[in-house]
1. Between Leu366 and Arg223, 0.36 nm times their residue separation minus their Cα-Cα distance comes to what?
2. Starting from the Cα-Cα distance between Met208 and Gln387, subtract it from 0.36 nm times their residue separation and give me the gain in nm to one decimal.
3. Roughly what % of DSSP beta bridges within the chain run antiparallel, to the nearest 5?
4. Taking Cα centroids, how far is region 151-183 from region 51-107 in Å?
5. Build a GNM of the chain with springs between Cα atoms under 10 Å: which of Gly199, Gly349, Gly151 gets the top mean-square fluctuation?
6. In the Gaussian network model of the chain, springs joining C-alpha atoms below 10 Å, which of Ile224, Ile334, Ile173 carries the largest mean-square fluctuation?
7. Go ahead and run the numbers for FRET between Ser22 and Met91, Cβ-Cβ distance against an R0 of 25 Å, rounding to 0.05.
8. Given the Cα-Cα distance of Lys14 and Glu135 and 0.36 nm per residue of separation, how much length would full extension add, in nm?
Amino acid sequence: MDLRDSEEEASFRKEVKTFISSEAPKAQKGVSGEEALTANWEANQTWFKKLADKGWIAPAWPREYGGAGLSTMQQFVLNEELALNRAARPMHLIIGLGMAGPTIIVHGTEEQKKEHLPGMLSGEDVWCQGYSEPESGSDLASLQTKAVRDGDDYVINGQKIWTTLAHMAKKMILLARTDADAPKHKGITYFILDMKSPGVTVQPLMNMADTHEFNEVFFDNVRIPKENVIGEENRGWYSAMTTLDFERSAIGSTTGMKQTVEALIEYTQDHANEHTNAVKINPMLRYELTDRMIEVEMARMLSYRVVSMQSRGLIPNYEASMMKLYNTEMNQRIARTGQNILGLYGQLGRGSHLAPNAGRNCYTYLRSVAYTIEGGTSEVQRNIVAQRGLGLPRD
């Protein structure tokens, strides 16, 4: 693994830096993610259009489908520079651009690509993911939502839960059981659902951070045309694994986590003599911050390992699970360190004029609980690493 840019990568990095400097909305220091997206919605929509015009809003997609056809290393450089410069990413489009779109490119028909991909690139179509159910989380293949063939349609009945952005989405990628007698991994079909279809009901789920990302979705005799099946009937599990591979490879930005730790260090230095004088009272916080900084560098090395494998045509398996496991648990440790530094003030959320960092630390701490659950729990990732990486027997 060579940590240096090649001549071609260095040239591309310079191009990306110049583009961001001249075209991206100016980022507010310490603001990223959801806040960066919503802080100046109109300016960011213009920015997304500029990214789309260069193919950089979907850099991995082939050029014929509106992407840039970038190499693995070019994609890595682009994502790294966007993160370093806090250039807002289209977070509301990530399920379409990062998960549904690539899966349709791999498994869909040309008609499906022509119908569904343009709306993702334009930002007009928000997508959601209908996977988890109340009794089917880590054991996703045990899902019970049913799809029964009726002429040229499938009739869907059941329920999904923790459906991110379902309240905004126009379309859903949906897993449903089409053969109740088949082994659980072999009786599932992968659908595209129009969220405006009669019989679809969306109910909000508020998370601990008091934000509305998640939803419950109910299906009461919802009809989906057979043209909206991705891949083959009863073989949707394989398409679903393609989607999960894209999801897990996109979770967690080591650059963003490093910026968060650097912001905590800077905040502590600036406010050591005020209400955050916990550093003076407890000098062990210095060591805690040092640990977090070392950990983000380790996370960066793990991400370089994965991208290095991909650039050589290899498929990371347990290596991606290692990165997902390590990054999400480290995110939680960073959030706890922030609360240790802020003390009681860390409990103040957004909207309080007394909240340090505009309440971002409180939000991050509460939201971080979900990091080790979504996209595959830490327990699942540990099993993958143990079995496929260490060769241990199944438990």
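1. 47.7 nm
2. Details: separation 179, 0.36 × 179 = 64.44 nm, distance 3.36 nm.
Result: 61.1 nm gained on full extension.
3. On the way: 28 of 34 bridges.
Around 80 percent of the beta bridges assigned by DSSP in the chain are antiparallel ones.
4. Cα centroid to Cα centroid, the span is 26 Å.
5. Comparing Gly199, Gly349, Gly151 in a Gaussian network model of the chain, the most mobile one is Gly151.
6. Largest GNM mean-square fluctuation: Ile224.
7. Numbers: r = 23 Å, r/R0 = 0.92.
Once the sixth-power term is evaluated, E becomes 0.60.
8. Details: separation 121, 0.36 × 121 = 43.56 nm, distance 4.90 nm.
Between Lys14 and Glu135, full extension yields 38.7 nm more.
Every number in this text was worked out from the coordinates using simple rules, so none of it is lab data. Keep in mind it's a predicted model, so treat the numbers as computed, not measured. Note that each Cβ is placed from the backbone with ideal geometry, even for glycine, and that neighbours are counted across all protein chains shown.
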